[in-house]
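Read the structure below first, then the notes.
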Amino acid sequence: MAALRPVVRASLVALVLAACGGEPPDQSTQPASGTGAAPGSAVEFTTSTGPGDFAPQIAPAVGVERPAVDQGPSAFPRAAIGRLRIDLAGGASRELGYGFLTRRQGRTVMATARHLAGPPGGLPIELDLSRYESTVARASLTLPGGAVQLGSPSCAALDHWSSDVLLLDAPGAAADASITPAAAMPRAGDAVLMLLGPTLSPIGGTVAEVYDDSFFEIEFASTAPSLPLGNVAGLPVLDASGAALGVISEVRPLAGGRPGIAAQALAPFMAAPERLDGRAERTLDDYAEQASISVDGELLAVASVTFGRLRVVERSTGESFAPLASLDTGRRLSISSFTDDGYTLLAAGRDRAELYEIRSGIPLAVIEDLRGSPRDLSVGPHRAVLATNDETVLIDLEAFVVLGRGPAATAVALAETGVVIVGREDGAVQALAVAPADWLGPTLLESSGQPVGDIALDGELVAIGRGSEVIVLRRNTDGVTPLQRIPTGDGTVNALRFTPGGKQLLVGTGQLLEDDAGDLVAADCYVRVFDTATWRELARSHDHWSPVIAILRVASERWLSVCTDGECFEWNVAGL
């Protein structure tokens, strides 16, 4: 985990300003003009001929040896930087933090920090935009030439829980009034330009250190800035050519107590996948570890092995489905799946499996000689395979009897051919042909020490979620052919689904990790969509506040994700 966490705190800003010898922000400070650079700066700044523009020019400081730097063809437009106005969903409005216009994949977007702060005495002093869709009603950027209304988030967040860059579409902004994004990552020793203080005065600096999660620290070129800094979140960091290298998070002390700036690089966000189109359905009052959806998409079954709970709800209301309400009273069932015929629900708990008619809630059959607590369940047209911590059983759904038993598993999938794909606690995966006496079949994947989280099938394709990666194989008569490995950052793979026809693979990820303060934080909780022809990531959801544990098909192009906190989102993959 990174040592940098981008949370702006007014007390820290005041502390650093005091250390720098700066004064509190003075809104009456007059704009700087002409040529200005702090003594000893490695960067000189001259006012360009364009109105309100600055053209950064890199020049070596006295006694500092630096290689020649490409000056770049253009200056950045000062008119692209403005104050951010947020209208909160609760009704309050606030102008806080900064933003600037830039370009991403051919369209104009606004870049800012996800953690913003307002002046003391206002409400709120701090605002976390990590959950932008549920927090903000409207947002606009107040520029010298007027306000620009902002749209939806432009891309998915970076693969790290502490990412502090937010990109919003700016459809009404002029394409030429934007700052070109830098294609490269910052490097230690690079000279940079920042525009700080209420009047956005130019201050030079040097990249002191770059971290794995794309955060970087900047030390001022002089010992102390000669102007008040104030709140700087959302302002750009520019490279030698005037391109936007990153977004400022906060003023912070560097090693040894030296004043500096924390920022995050823009390049990873510019290369990030598109934002997955979705809508919040509701948050259920359930802790979810497994979920299934009825064939008609009207009912959702949410289960928890930890609490021994199973509840069936109506998607339209979120209320318990009355005919099956009794399933939540006995605390004996903790996993379920609607059958393909649309008439029955298979539910299992410790040492038992039960079959219910959906519309009446009448119990139809029971198996009482199972062993262990359920781990996973896969249902086909005529059979189901249930994995527990003691065994794996194949069940005939028509006679509702056990056809065969095998070793314990953490994930199972039932192929159309009747072959059972089994993932184990040690990470090994096998394809088993079930016979009454024994389960025999080849090993598809050797053990790794990490348990298998989920398995998805599409014809001969096998997608395996193991730890923080997806492994895709192709089964054939000679064994298996490895096709692709997809790393998923800090998020473990909990859910996998192929779209009909196998053109796309949906991946649900996330886990809870301990941060530097000892608190549990949700890490990389996404729904991600991959093209199975190229394995390029087509789109990614916003970062959820808890792990994604299920991805369920609602219709041909629509899917429902369920998180451990009961949050449900419906996603549209049409057009990807």
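The values are calculated or read from the model by the stated rules, or taken from the named source; none is laboratory data. Quick caveat, the model's predicted, so the values are computed rather than measured. For neighbour counting, all protein chains shown are included, and Cβ atoms are generated from backbone atoms with ideal geometry for every residue, glycine included. Heads up: the accessible areas ignore ligands, DNA and RNA and are worked out on the full protein's heavy atoms, side chains in. Shrake-Rupley method; radii C 1.70, N 1.55, O 1.52, S 1.80 Å.
The residue that is farthest from the chain's Cα centre (by Cα), counting only those in segment 428-479 that are among the small types (Gly, Ala, Ser), assigned to a loop (DSSP other than H, G, I, E, B) and over 16 Å from ALA411 (Cβ atoms), is ALA437.
For segment 437-453, the criterion of being open to solvent by 20 Å² or more (accessible area, probe 1.4 Å), within 29 Å of ARG279 (Cα to Cα) and either in contact (Cβ under 8 Å) with a residue 40 or more places away in the chain or basic (Lys, Arg) (or both) is met by at least one residue. Looking only at segment 327-350, residues that are open to solvent by 60 Å² or more (accessible area, probe 1.4 Å) and out of contact with any strand residue (DSSP E or B) (no Cβ under 6 Å at 6 or more places or on another chain) come to 6 in all. Working only within segment 526-563, note down all residues that are part of a loop (DSSP other than H, G, I, E, B) and closer than 19 Å to THR283 by Cβ. Those that are part of a loop (DSSP other than H, G, I, E, B) and closer than 19 Å to THR283 by Cβ: TYR526, SER541, HIS542, ASP543, HIS544, TRP545, SER546, PRO547, VAL554. The residues of segment 247-268 that are out of contact with any Ser or Thr (no Cβ under 8 Å at 6 or more places or on another chain) and not β-branched (Val, Ile, Thr), listed by number, are SER249, GLU250, ARG252, PRO253, LEU254, ALA255, GLY256, GLY257, ARG258, PRO259, GLY260. The criterion of at least 1 residues that are among the hydroxyl-bearing types (Ser, Thr, Tyr) is met by the following strands (runs of 3 or more DSSP E) wholly inside segment 282-401: 290-293, 299-304, 335-338, 344-349, 352-357, 374-379, 383-388, 392-396.
Checking each residue of segment 171-188 against the condition of being modelled with pLDDT under 80 and either closer than 17 Å to GLU274 by Cα or part of a strand (DSSP E or B) (or both) gives no match. Inspection of segment 416-425 identifies at least one residue that is outside any loop (DSSP other than H, G, I, E, B), over 18 Å from GLN290 (Cα atoms) and touching a residue at least 24 places away in the same chain (Cβ under 8 Å).
Have a look at ALA263, ALA271 and point out the one that is within 21 Å of the chain's Cα centre (by Cα) and buried (at least 22 other Cβ atoms within 10 Å of the Cβ).
Working: ALA271 fails: buried (at least 22 other Cβ atoms within 10 Å of the Cβ).
One residue alone meets the criteria, ALA263.
Taking residues in segment 490-501 that are outside any strand (DSSP E or B), and partners anywhere that are aromatic (Phe, Trp, Tyr) and buried (at least 21 other Cβ atoms within 10 Å of the Cβ), the pairs with Cβ atoms closer than 9 Å and at least 6 places apart or on different chains are ASP490/TRP161; GLY491/TYR526; THR499/TRP559. Residue check: is GLY518 surrounded by fewer than 17 Cβ atoms within 10 Å (Cβ to Cβ), over 30 Å from VAL305 (Cα atoms) and in the same structural domain as ALA433 (by the TED database)? Judged against the criteria, GLY518 is not a match. Evaluation of THR410 against the conditions (1) open to solvent by 60 Å² or more (accessible area, probe 1.4 Å); (2) under 33 Å from the mean Cα position of the chain (by Cα); (3) of a type in the set (Ser, Thr, Tyr) shows that the sole unmet condition is (1). With respect to the conditions (1) within 17 Å of PRO451 (Cα to Cα); (2) touching a residue at least 40 places away in the same chain (Cβ under 8 Å); (3) of a type in the set (A, V, I, L, M), LEU506 falls short on a single one, namely (1).
Within segment 163-181, the set of residues being open to solvent by less than 10 Å² (accessible area, probe 1.4 Å) and within 17 Å of PRO268 (Cα to Cα) comprises SER163, ASP164, VAL165, LEU167, LEU168, ILE179. Summed over segment 65-103, residues that are at pLDDT 85 or above, closer than 21 Å to THR180 by Cα and assigned to a strand (DSSP E or B) total 11.
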